[in-house]
1. State which residue is surrounded by the fewest Cβ atoms within 10 Å (Cβ to Cβ) when the search covers only region 1-36 and only residues that are hydroxyl-bearing (S, T, Y) and closer than 20 Å to G59 by Cα.
2. Within region 38-82, track down each residue that is among the basic types (K, R) and buried (at least 21 other Cβ atoms within 10 Å of the Cβ).
3. Across region 1-12, what is the number of residues that are more than 19 Å from V106 (Cα to Cα) and either among the hydrophobic types (A, V, I, L, M, F, W, C) or touching an Asp or Glu at 6+ places or on another chain (Cβ under 9 Å) (or both)?
4. What are the pairs, 6+ residues apart or on separate chains, where a residue within region 32-46 that is closer than 20 Å to I95 by Cα has its Cβ under 7 Å from a residue that is of a type in the set (G, A, S) and part of a helix (DSSP H, G or I)?
5. In the set S70, S11, which member is touching a Ser or Thr at 6+ places or on another chain (Cβ under 6 Å) and either without any contact (Cβ under 8 Å) to a residue 40 or more places away in the chain or not hydrophobic (A, V, I, L, M, F, W, C) (or both)?
Amino acid sequence: MVAPNHILIDSISETDLNDRRRFNLESARTFLPIAHAAGFKPMATVHGMDLGERLINVGRLYEIGYRHFSLGGLAARASQKKTVLTSIQAISDKIRAALPDAWIHVLGFIQP
């Protein structure tokens, strides 16, 4: 079960981006015990405007207690298939190297 989250996109103001960043982290904190209590494996979506931000966010979510992560925000970039696949591989490699017990799922990436 995935914690509620907002996508980070570059077409909104910095204030709105920061509001979404705060929402995502607070939502993840609130959601974790609720999901556990209901018998679900909680998953948090890792967002970021770049690889560095995504890696910082996955570290924060791991510290909170998450071990299942989804990579979000990819649908908006689906037309850039090679760039997205390269990004997915880089993020996955770095997460797995630092957090070997992490599970990774990709959300919102489809290429017709």
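1. T30
2. R54
3. 1
4. Filtered contacts from region 32-46: P42/A35; A44/A28.
5. S70
Just so you know, all these numbers are worked out from the coordinates, no wet-lab data involved. All values reported here derive from a predicted model rather than from experimental measurement. Glycine also receives a Cβ, built like all others from the backbone with ideal geometry; neighbour counts cover every protein chain displayed.
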